[in-house]
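Written out below as structure tokens is the structure these notes cover.
The values are calculated or read from the model by the stated rules, or taken from the named source; none is laboratory data. If you're wondering where the values come from, they're calculated on a predicted model, not measured in any experiment. Because the Cβ atoms are built from the backbone with ideal geometry, glycine has one as well, and the counts that use them run over all protein chains shown. The protein model used for the area step is the full one, side chains on, heavy atoms only, and it has no ligands, DNA or RNA in it. Shrake-Rupley method; radii C 1.70, N 1.55, O 1.52, S 1.80 Å.
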Amino acid sequence: MADRSDPKKSGKVLSGPEKQQARKERFTASRAPKEDAPSSKRPVGRSTDRSADRSGDRFEERSGGRSGSSASDRPHGRSRDQKPGYQKPSYQKTDSDKNRTVKPDRSVRQTPVLETRASALKVEDERPKSGARPGRDFQRVDLPLGRLLFHVHQILENASATNSPIDRELASHFANIKGRLTDRDHSRIRDMVWGVIRRYRRLLWWLEIKGQTKQLRKLLLADLALTYNKSVADITALCRGGGGYLARLTDSEARVLSSMEGKNLAEETMPEGAMNECPPWAESGLRAVFGERFGEEAAALNGSAPLDLRVNPFKGNREDLLPRLEKAGCKAEAIDWLPHGIRVLNDPKKAHLPFYERGEIEIQDAGSQVLSVLVAVEPGQRVIDFCAGAGGKTLALAADMDNRGQLVAADVHSKRLARAAQRLKRAGVFNAERKILESERDPWVKKNKGKFDRVLVDAPCSGTGAWRRSPDSKWRRDEEDLAELVALQESILTSAARLVKPGGRLVYATCSLLPDENEEQVEKFLRSRPDFKLLPVAEIWKERMPREMPEHIGDMLRLSPARDETDGFFAAVLVREDAAPIAVPAQEEDKSVN
């Protein structure tokens, strides 16, 4: 009988069904286990059921081989689909193989590796995710100078675009990136921003003589070269470009900075106004007031201001408060020519703040305290602070009135009066009320004309006397702003004068040093209102102040930083005579009704 399993050997031509049957028999024979070949036995644990093998293979394919042997169990990178007869060779170390290097059995997982992997994952989880703020235990490091310059430039650009004060822009910037900078970064950014502002005109002079346009980026780069003595190579390394750094230097910028190397910020050929950081729109007025002392006073206005405090007599006295401040870490001394003044000499930890929060002290410049004393209020009087603002002078007036009488804090800014309400409550003042005015000619003024013993008008002004505290304000004004302020001051003074009763006093004051806003305003008012007379401040000073008045102060008060160590202030005391008041022109009456 012919062998049908192999038609080639039999030589017989098979039909179609026979070929199919032969292929089936060969397939079955190849899958059957061979008892005479021990090496071809299936591995232990493998099922002989074909369906089980197939389902196991499918499970291994889905699970990536995790259910069966791992890749480390397959020597020399052999794939998972091995022949059924394959067995993994075992390595046994014998006595003759002591010097041989034996590979470890990778089928046994090493515990230290797992522990290392787990610890790495734990550290990875503890790191802050992208865009998230770091936790409390996250250790921040100081930013490099190049990154700080990016923040400085951004603050200056935003303040210039919105014409907003620098201190407000600083607070907004730090609030937007809260938790991402160290305290030292905050301090360095703040110092660099204010440094550019205090050296603004000198830096601008350097750009002008170099033929450069006025740009904040160029001012900042020039400040690095002239103030911090940075070379072009240093500045190039700081301006890397990309996120968090200033853009790379251009060839023009590099040439200009190279010409500034080794130069001083102050040059002998620099004009006196630029040398002392005086803006052009105020220079002529300050020269008219100070004359030969212009340079000294202008330089003092560009310096830093001290921290002055006023003791609240409702909650203590100066003699008891000074040792308490020193014990808390605040070194201070009494301002002997003021009844309640204290000057802080050194307070690195701001130890005075708890006293302020309790209402025991108020932050008020010495010049402002002098102005409050010159109003000369008495308990039981009717007094109005016509431009009260946040209520600093209102608090001082309430203390002099001993909480007796009527005190009105009036202003057109409701938000400022809201802050005044908090301060009045904290200080223990209860005889003051607030009045929001629509304008300086609010109908309320006409209804209350001739009813007040004292009227204080601390008019809005150019603020030239307060440049030490807000140096950026000098660069945010010009001649047009000054003209608008002078017109507004005249309108406010004329309207507020209607509130003064016969025999009462009108105190006109500004924190400006320009004659346009001060002496000229008073002279113009006295020409229009002959029923008011100027009262020399020396008469009030002698009655109210603990020391004699300085000789340089005339009939009107004028304080300056260089001579008096205060902010610049002006004040004039005007007394309304008992005679019948002069009728207000019809035009003025029509304005008051509207």
Selection count, segment 387-443, where residues are assigned to a helix (DSSP H, G or I) and farther than 18 Å from Ala376 by Cα: 15
For Glu253, state whether it is acidic (Asp, Glu) and either farther than 30 Å from Leu226 by Cα or outside any loop (DSSP other than H, G, I, E, B) (or both). yes
Hey, among the residues in segment 377-401 that are touching a helix residue (DSSP H, G or I) at 6+ places or on another chain (Cβ under 6 Å) and surrounded by fewer than 21 Cβ atoms within 10 Å (Cβ to Cβ), which one's nearest to Arg576 (Cα to Cα)? Pro379
Quick check: anything in segment 332-345 under 30 Å from Val445 (Cβ atoms), in contact with a helix residue (DSSP H, G or I) (Cβ under 9 Å, 6 or more places away or on another chain) and of a type outside the set (D, E, K, R)? no
Output for segment 218-244, where each listed residue is surrounded by fewer than 16 Cβ atoms within 10 Å (Cβ to Cβ) and hydroxyl-bearing (Ser, Thr, Tyr): Tyr228, Ser231, Thr236
Among the candidates Gly380, Gly359, which residue alone is of a type outside the set (Ser, Thr, Tyr), in contact with a Gly (Cβ under 8 Å, 6 or more places away or on another chain) and more than 30 Å from Ser187 (Cβ to Cβ)? Gly380
Can you name every residue in segment 236-254 that is over 17 Å from Gln215 (Cα atoms) and free of Cβ contacts under 8 Å to residues at least 40 places away in the same chain? Thr236, Gly241, Gly242, Gly243
Residue match in segment 268-280 (condition: out of contact with any helix residue (DSSP H, G or I) (no Cβ under 8 Å at 6 or more places or on another chain) and without any contact (Cβ under 8 Å) to a residue 40 or more places away in the chain): yes
When you look at Glu378, is it assigned to a loop (DSSP other than H, G, I, E, B) and in contact (Cβ under 8 Å) with a residue 40 or more places away in the chain, yes or no? yes
Is segment 457-476 home to any residue that is under 28 Å from the mean Cα position of the chain (by Cα), farther than 29 Å from Pro339 by Cα and open to solvent by 40 Å² or more (accessible area, probe 1.4 Å)? yes
Say we look at segment 156-167 and pick out the residues that are in contact with a Ser or Thr (Cβ under 9 Å, 6 or more places away or on another chain) and of a type outside the set (S, T, N, Q); which of these is least open to solvent (accessible area, probe 1.4 Å)? Ile166
Just to be sure I understand the filter: pairs with C-beta atoms under 7 Å, separated by 6 or more residues or on different chains, first member in segment 425-445 and in contact (Cβ under 8 Å) with a residue 40 or more places away in the chain and over 11 Å from Ile384 (Cβ atoms), second member open to solvent by 50 Å² or more (accessible area, probe 1.4 Å) and not in a helix (DSSP H, G or I). Which pairs pass? Ala427/Phe314; Gly428/Phe314; Gly428/Lys315
So which residues in segment 168-217 are among the β-branched types (Val, Ile, Thr) and either assigned to a loop (DSSP other than H, G, I, E, B) or open to solvent by 30 Å² or more (accessible area, probe 1.4 Å) (or both)? Ile177, Thr182, Ile209, Thr213
Mind checking whether some residue in segment 565-584 is at pLDDT below 95, under 18 Å from Gly367 (Cα atoms) and not β-branched (Val, Ile, Thr)? yes
Qualifying residues in segment 531-566 (those that are closer than 19 Å to His340 by Cα and touching a Phe, Trp or Tyr at 6+ places or on another chain (Cβ under 9 Å)) - the one surrounded by the most Cβ atoms within 10 Å (Cβ to Cβ): Leu559
Just a yes or no: is a residue in segment 518-530 touching a strand residue (DSSP E or B) at 6+ places or on another chain (Cβ under 6 Å) and buried (at least 24 other Cβ atoms within 10 Å of the Cβ)? yes
What are the residues in segment 287-328 that are touching a His at 6+ places or on another chain (Cβ under 9 Å) and of a type outside the set (A, V, I, L, M, F, W, C), if any? Arg310, Asn312, Pro313, Asn317, Arg318
Per the filter on segment 250-280, residues closer than 21 Å to Cys461 by Cα and surrounded by fewer than 17 Cβ atoms within 10 Å (Cβ to Cβ) are Pro280
Checking Ala247 against (1) open to solvent by 20 Å² or more (accessible area, probe 1.4 Å); (2) more than 26 Å from Glu268 (Cβ to Cβ); (3) outside any loop (DSSP other than H, G, I, E, B): exactly one of these is not met. Which one? (3)
Does Leu482 satisfy the criteria of being within 36 Å of the chain's Cα centre (by Cα) and touching a residue at least 12 places away in the same chain (Cβ under 8 Å)? yes
